[in-house]
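Visitor: Sharing a structure here in structure tokens format.
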Amino acid sequence: MTALTVDIQRKRHPGAAGDTIGPLRFALRSGEFVAIVGPSGAGKTSLLKIIAGLDPDFVGTVGAKVDGLGSGKLGFVFQEPRLLPWLTVADNLRLVMPALDTGTLDAALARVGLAGTAQQFPLRLSGGMQRRVALLRAFLIRPALLLLDEPFISLDVPTAESLYALLADLRRDVMPTTVLVTHDLREALALADRVLFVSRSPARIILDHAVNLPKPRRRDDEAVDQMHRALMARHPELLGGLQSTRPEPESA
Amino acid sequence: MTAVRTLPAAVVRGAAFVVLLALWQALAAMVNDPLLPSPLAVLLSLQHHLMQGELLHHLAKTLMRVAAAFVIAMLIGVAVGVWMGRSKLVNNLLDSLLVLMLNLPALVAAILCFIWIGLNETAAVLAVALNKVPTVIINIREGARALDTQLLQVGEVYRVPRLTVLRRIVLPQLYPYIMASARSGLALIWKIVLVIELLGRSDGIGFQLGTFFQFFDLTSILAYTAAFAGVVFVIEAVLLRPLDRRLNGWRA
């Protein structure tokens, strides 16, 4: 069942010399987890903003209303945790979920490893903990569509891994259709069902790659490692946004 | 010097105040002229006016006017300031008027109000408020322009109701600007209120000062001034400073 269709003909920022997003089209099945990988500045964040409805200024259509994807069912995890520093953790969560009772709240916090932090202000928490709150905020509303904008960058590997595990755990309950934007191919391979590689701007899809590996995965799993190497061997300039394909090696 | 630096702030402030008073007392004793009353004489006069005179009545009148003008100026100033800060159109429409109002002498505003509205309470309070509104607007507009777009996006993505966005996301960012306006506003308003009472009211501290002026009764003038200064200190200590602490509790 198609849950999200994105069909962007053109996105140009006002005053920019060229387009940020070129013709770019893809569709996601309900509950699918897709990662969009491309070089920095390729317009990945612009793409997420368009899907989220934060930016109406583009040519094309985004169909996110199929299958009950309606208003208020969008979860968004930003590059920074973006918690309101003057609200406690509890009030930050109640901002998106006003009816949250204390019992549910405490249980939810305990589940993401934040027991006892309800009355704390975000700035007193570590960066990793703030990101947990941000993830929890996105899942509390039981989103049908979840957008992740490089939420795990600038974290050390163990912290990132623990957040991968948390994301997988939370997803199992809610199963939102998920779009993760990242420039980290290992992260994409560890998390997603499918990886879309995009070019430098104007962003276009240059490769649509299914990740048929058993879950849960870690970024340094042998299988992830192999797929990473195979991809790099076949498309050495893929991560730079170029689709120069080498001939298929015999052993692959 | 090191010993002085490690003293508590309250002790240093208190000591500075006492030294100032002592200097004043010494100077008054040297000059020995009724036109430079000593602090002790002022204190005795203050006691006399408190016990026998009508100081409390006039002080109450003036404080009511200060409070009314303050509330009106803050409400209008914050509303228009946010509006001008967030909308280019509104800003362009109102900017020249704002510059004009900002530079309108207090005396002109007072005379116009008294002539157009009459020699009554409404005119007095309005004249005071008119002087304060533009400076509040300028402050708050600056704050509204500096609002964090990233946090506003959180409200947008999670479909937070407008009123909640205002209360939880916008206003907390404006608090420092509102507090600064409140502080400078109180100072400005009480300066202007006296001029307006002198001009067109038959009670209040300004009116009393005018009467004392005619008799060159400097001791009473300073006693009334001291009474009002005391009130300002109390407002700062029991209202503004605790409020400031409460609003800033989240800072790590």
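The values are calculated or read from the model by the stated rules, or taken from the named source; none is laboratory data. All values reported here derive from a predicted model rather than from experimental measurement. Backbone-built Cβ (ideal geometry, glycine too); neighbour counts: all protein chains shown. For accessibility, only protein heavy atoms count, side chains too; no ligands or nucleic acids. Shrake-Rupley method; radii C 1.70, N 1.55, O 1.52, S 1.80 Å.
Visitor: Would segment A:144-156 turn up any residue that is more than 30 Å from A:Leu238 (Cα to Cα) and not polar (S, T, N, Q)? Explain how you work it out, then say what you get.
Guide: Kept after step one, since they are more than 30 Å from A:Leu238 (Cα to Cα), are these residues of segment A:144-156: A:144.
From the residues that got through so far, the ones that are not polar (S, T, N, Q) too are A:144.
Yes, that holds for at least one residue.
Visitor: Right, next: So which residues in segment A:201-233 are part of a helix (DSSP H, G or I) and either of a type outside the set (Gly, Ala, Ser) or under 17 Å from the mean Cα position of the chain (by Cα) (or both), if there are any at all? Working first, answer last.
Guide: Quick first cut of segment A:201-233, residues part of a helix (DSSP H, G or I) only: A:222-233.
Correct list: A:Glu222, A:Val224, A:Asp225, A:Gln226, A:Met227, A:His228, A:Arg229, A:Leu231, A:Met232.
Visitor: Here is a further query. Which numbered condition in (1) modelled with pLDDT under 95; (2) open to solvent by 20 Å² or more (accessible area, probe 1.4 Å); (3) among the basic types (Lys, Arg) is the only one that B:Lys132 fails?
Guide: (2)
Visitor: Sticking with this structure for a sec: Filter segment A:66-78 for residues that are buried (at least 16 other Cβ atoms within 10 Å of the Cβ) and in a loop (DSSP other than H, G, I, E, B); which is modelled with the lowest pLDDT?
Guide: Selected residue: A:Leu69.
Visitor: Give all pairs with beta carbons closer than 6 Å in which a residue from segment A:224-244 that is more than 20 Å from A:Ser199 (Cβ to Cβ) meets a residue that is modelled with pLDDT of 80 or more; count only pairs at least 6 apart in sequence or on separate chains.
Guide: Filtered contacts from segment A:224-244: A:Val224/A:Leu189; A:Val224/A:Ala190; A:Val224/A:Arg217; A:Met227/A:Leu189.
Visitor: Keeping to segment A:108-120, report how many residues are away from every other protein chain (no Cβ under 14 Å) and open to solvent by 60 Å² or more (accessible area, probe 1.4 Å).
Guide: 3
Visitor: Is one or more of the residues making up segment B:153-166 surrounded by fewer than 17 Cβ atoms within 10 Å (Cβ to Cβ), out of contact with any Phe, Trp or Tyr (no Cβ under 7 Å at 6 or more places or on another chain) and at positive phi?
Guide: Looking through segment B:153-166, at least one residue is surrounded by fewer than 17 Cβ atoms within 10 Å (Cβ to Cβ), out of contact with any Phe, Trp or Tyr (no Cβ under 7 Å at 6 or more places or on another chain) and at positive phi.
Visitor: Which condition from (1) outside any helix (DSSP H, G or I); (2) away from every other protein chain (no Cβ under 11 Å) is the one that B:Arg159 breaks?
Guide: Among (1) outside any helix (DSSP H, G or I); (2) away from every other protein chain (no Cβ under 11 Å), B:Arg159 violates only (2).
Conditions (1) on the phi < 0 side of the Ramachandran plot; (2) modelled with pLDDT of 90 or more, marked per residue:
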position	(1), (2)
B:Thr6	yes, no
B:Val12	yes, no
B:Ala15	yes, yes
B:Leu21	yes, yes
B:Ala26	yes, yes
B:Asn32	no, no
B:Leu35	yes, no
B:Val42	yes, yes
B:Leu46	yes, yes
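Visitor: Then there's this: Are any of the residues in segment A:150-157 farther than 23 Å from A:Val181 by Cβ, open to solvent by 40 Å² or more (accessible area, probe 1.4 Å) and in contact (Cβ under 8 Å) with a residue 12 or more places away in the chain? Can you show your working first?
Guide: Start the filter on segment A:150-157 by keeping residues that are farther than 23 Å from A:Val181 by Cβ, which leaves none.
Checked segment A:150-157: no residue is farther than 23 Å from A:Val181 by Cβ, open to solvent by 40 Å² or more (accessible area, probe 1.4 Å) and in contact (Cβ under 8 Å) with a residue 12 or more places away in the chain.
Visitor: Also, I was wondering about something else. Only one of (1) over 24 Å from A:Leu180 (Cβ atoms); (2) polar (S, T, N, Q); (3) open to solvent by less than 10 Å² (accessible area, probe 1.4 Å) fails for A:Asn92. Which number is that?
Guide: Here A:Asn92 meets the rest and fails (1).
Visitor: Among the residues of segment A:185-201, are any open to solvent by less than 50 Å² (accessible area, probe 1.4 Å), under 15 Å from A:Leu239 (Cβ atoms) and not hydrophobic (A, V, I, L, M, F, W, C)?
Guide: Yes, the conditions are met somewhere in segment A:185-201.
Visitor: Right, next: Could you count how many residues in segment B:173-191 are open to solvent by 20 Å² or more (accessible area, probe 1.4 Å) and either within 8 Å of another protein chain (Cβ to nearest Cβ) or closer than 30 Å to B:Gly230 by Cα (or both)?
Guide: Qualifying residue count for the region: 12.
Okay, residues lined up against (1) charged (D, E, K, R); (2) loosely packed, with under 12 Cβ neighbours inside 10 Å; (3) closer than 27 Å to B:Leu171 by Cα:
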site	(1), (2), (3)
B:Ala16	no, yes, no
B:His48	no, no, no
B:Ile76	no, no, yes
B:Leu94	no, no, yes
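Visitor: On to the next question. From the list B:Val195, B:Val154, exactly one residue is within 14 Å of chain A (Cβ to nearest Cβ) and part of a helix (DSSP H, G or I). Which is it?
Guide: B:Val154
Visitor: Right, another one. Regarding segment B:59-72, can at least one residue be identified that is farther than 30 Å from B:Ala144 by Cα and either outside any helix (DSSP H, G or I) or open to solvent by less than 40 Å² (accessible area, probe 1.4 Å) (or both)?
Guide: There is at least one residue in segment B:59-72 that is farther than 30 Å from B:Ala144 by Cα and either outside any helix (DSSP H, G or I) or open to solvent by less than 40 Å² (accessible area, probe 1.4 Å) (or both).
Visitor: Return the only residue of A:Arg137, A:Arg132, A:Arg142 being closer than 27 Å to A:Glu161 by Cβ and in a loop (DSSP other than H, G, I, E, B). Step through it out loud before you land on a result.
Guide: Values: A:Arg137 fails: in a loop (DSSP other than H, G, I, E, B); A:Arg132 fails: in a loop (DSSP other than H, G, I, E, B).
Going through A:Arg137, A:Arg132, A:Arg142 in turn, just one is closer than 27 Å to A:Glu161 by Cβ and in a loop (DSSP other than H, G, I, E, B): A:Arg142.
Visitor: So for segment A:44-65 (the condition being in a helix (DSSP H, G or I), touching a residue at least 60 places away in the same chain (Cβ under 8 Å), buried (at least 20 other Cβ atoms within 10 Å of the Cβ) and more than 14 Å from chain B (Cβ to nearest Cβ)), does at least one residue qualify?
Guide: Yes; the residues of segment A:44-65 include at least one that is in a helix (DSSP H, G or I), touching a residue at least 60 places away in the same chain (Cβ under 8 Å), buried (at least 20 other Cβ atoms within 10 Å of the Cβ) and more than 14 Å from chain B (Cβ to nearest Cβ).
Visitor: If a residue must be away from chain A (no Cβ under 14 Å), under 24 Å from the mean Cα position of the chain (by Cα) and among the acidic types (Asp, Glu), how many such residues does segment B:207-252 contain?
Guide: Counting residues in segment B:207-252 that are away from chain A (no Cβ under 14 Å), under 24 Å from the mean Cα position of the chain (by Cα) and among the acidic types (Asp, Glu) gives 1.
Visitor: Against the conditions (1) buried (at least 17 other Cβ atoms within 10 Å of the Cβ); (2) assigned to a helix (DSSP H, G or I), where does B:Pro37 fall short? Just the number, please.
Guide: (2)
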